[in-house]
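To start, the structure itself, in structure tokens.
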Amino acid sequence: MVVGNVEIDPDILKEIKKILISCRIFWYLTDPLPTQNSLLVDSVPFYDCILTFSKFQVPLIYWFGGKNVFYLPFGYDPRLHRKVILTNEEKKFYGSDVAYLGTWQPTIENWLNELTSHDLKVWGNQWHQLKGCPQIMKCWQGEGAGLYGDLAKVANASKVIFNVVRFHNGNGHSMKTFEIPASGGFMLTNRTDEQVSFFPEDTCAVYFSTQEELKDKLKFYLLHETERERISQAGYEVAQQHHYNERARTILSYDKRIAKCGS
């Protein structure tokens, strides 16, 4: 099993198959296939199965010679993404009215600018690359903060977790689509078909499409704690179906299917 955009020469994959004839090689793409990377593209036909988080990527991977290509959504790790009890000091440190968890990217700046008038904390890496937005920089908690096990602390201490599915994921979802509700957080995220299919709108999560809708939804739910708690609890319960143990079982079922078909 290869996970992520790991560059493995096709000759190595062929050699593995030569030495271990019965071995089936899987590739789980956790990012879009970088079609400009000739080594990765050339290796596609040598995998017995390729799994992708994006439905849009399935026909693309077949185009480049993939054999058994399946859509496999992200999930959550129950060791990291769970409800936690925080001390008063942790609530103060990790808590805010609005929190954003993610690596810096230019396209997120316009959205976050709409939130700086609130009690906002930004968690994640590479925000030193941010140019010309001092209000956002003041909200950044520093390199490495809010990652891994801290995500659950932020989710439990903050009133609203702002999330954005990045443009290259299209109408799909992201890892945090599952990680935020699985940690007990109230998720306010941009509206995509896949996210709504996993977490029904205004029942398990809240969605926006425009800056005005974002501001209206944020203002409403910051003032309505009971509604936030109802939605976050419903999202938490739905998220329990999507842990990575279940994804692993799905992978094993694909392996059995491929073995049965002999390809």
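Can you find a residue that is in a helix (DSSP H, G or I), of a type in the set (Gly, Ala, Ser) and either farther than 15 Å from Lys67 by Cα or at pLDDT below 95 (or both) anywhere in the stretch 22-41? Full working, then the answer.
First, the residues of the stretch 22-41 that are in a helix (DSSP H, G or I): 38-41.
Subset that is of a type in the set (Gly, Ala, Ser): 38.
Narrowing further to those that are either farther than 15 Å from Lys67 by Cα or at pLDDT below 95 (or both): 38.
Yes.
In the stretch 62-84, what count of residues is obtained for those that are under 18 Å from Arg24 (Cβ atoms) and at pLDDT below 95?
1
Only one residue in Gly184, Gly172 is touching an Asp or Glu at 6+ places or on another chain (Cβ under 9 Å) and either part of a loop (DSSP other than H, G, I, E, B) or modelled with pLDDT of 95 or more (or both), so which one is that? If you could, list the steps in order and put the result at the bottom.
On the way: Gly184 fails: touching an Asp or Glu at 6+ places or on another chain (Cβ under 9 Å).
Going through Gly184, Gly172 in turn, just one is touching an Asp or Glu at 6+ places or on another chain (Cβ under 9 Å) and either part of a loop (DSSP other than H, G, I, E, B) or modelled with pLDDT of 95 or more (or both): Gly172.
Conditions: (1) surrounded by 16 or more Cβ atoms within 10 Å (Cβ to Cβ); (2) over 23 Å from Pro181 (Cβ atoms); (3) in contact with a Leu (Cβ under 9 Å, 6 or more places away or on another chain). Leu72 meets all but one. Number of the miss?
So the condition that Leu72 fails would be (2).
For the list (1) aromatic (Phe, Trp, Tyr); (2) buried (at least 20 other Cβ atoms within 10 Å of the Cβ); (3) in contact with a Ser or Thr (Cβ under 9 Å, 6 or more places away or on another chain), I need the number of the one condition that Phe178 fails.
Going through the list (1) aromatic (Phe, Trp, Tyr); (2) buried (at least 20 other Cβ atoms within 10 Å of the Cβ); (3) in contact with a Ser or Thr (Cβ under 9 Å, 6 or more places away or on another chain), Phe178 breaks only (3).
Looking at Leu115, Leu151, can you tell me which residue is assigned to a helix (DSSP H, G or I) and within 23 Å of Lys217 (Cβ to Cβ)?
Going through Leu115, Leu151 in turn, just one is assigned to a helix (DSSP H, G or I) and within 23 Å of Lys217 (Cβ to Cβ): Leu151.
Take Ser54 and decide whether it is modelled with pLDDT under 95 and crowded, with 18+ Cβ neighbours inside 10 Å.
yes
Of all residues in the stretch 165-199, which are aliphatic (A, V, I, L, M) and under 17 Å from Ser96 (Cβ atoms)?
Result: Ile180, Met187, Leu188.
How many of the residues in the stretch 34-43 are out of contact with any helix residue (DSSP H, G or I) (no Cβ under 6 Å at 6 or more places or on another chain) and crowded, with 18+ Cβ neighbours inside 10 Å?
Going through the stretch 34-43 one residue at a time, the tally reaches 1.
For the stretch 71-86, check the following and say yes or no: at least one residue is under 30 Å from Lys256 (Cβ atoms), part of a helix (DSSP H, G or I) and of a type in the set (D, E, K, R).
No, the stretch 71-86 contains no residue that is under 30 Å from Lys256 (Cβ atoms), part of a helix (DSSP H, G or I) and of a type in the set (D, E, K, R).
Which ones in the stretch 81-102 are touching a residue at least 24 places away in the same chain (Cβ under 8 Å) and of a type in the set (Ser, Thr, Tyr)?
Tyr94, Ser96, Tyr100
Return the residue satisfying two criteria in turn: it lies in the stretch 154-169 and is in a loop (DSSP other than H, G, I, E, B) and surrounded by fewer than 24 Cβ atoms within 10 Å (Cβ to Cβ), and of such residues it is nearest to the chain's Cα centre (by Cα).
Val165
Listed here are the residues, each with its yes/no results for (1) more than 18 Å from the chain's Cα centre (by Cα); (2) farther than 30 Å from His128 by Cα.
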position: Phe26; (1), (2): yes, yes
position: Ser43; (1), (2): yes, yes
position: Leu51; (1), (2): no, yes
position: Pro59; (1), (2): yes, yes
position: Gly95; (1), (2): yes, no
position: Ala99; (1), (2): no, no
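The values are calculated or read from the model by the stated rules, or taken from the named source; none is laboratory data. None of the values given here were measured: they were computed from a predicted structure. FYI the Cβ positions are ideal-geometry reconstructions off the backbone, even for glycines, and counts take in every protein chain you see.
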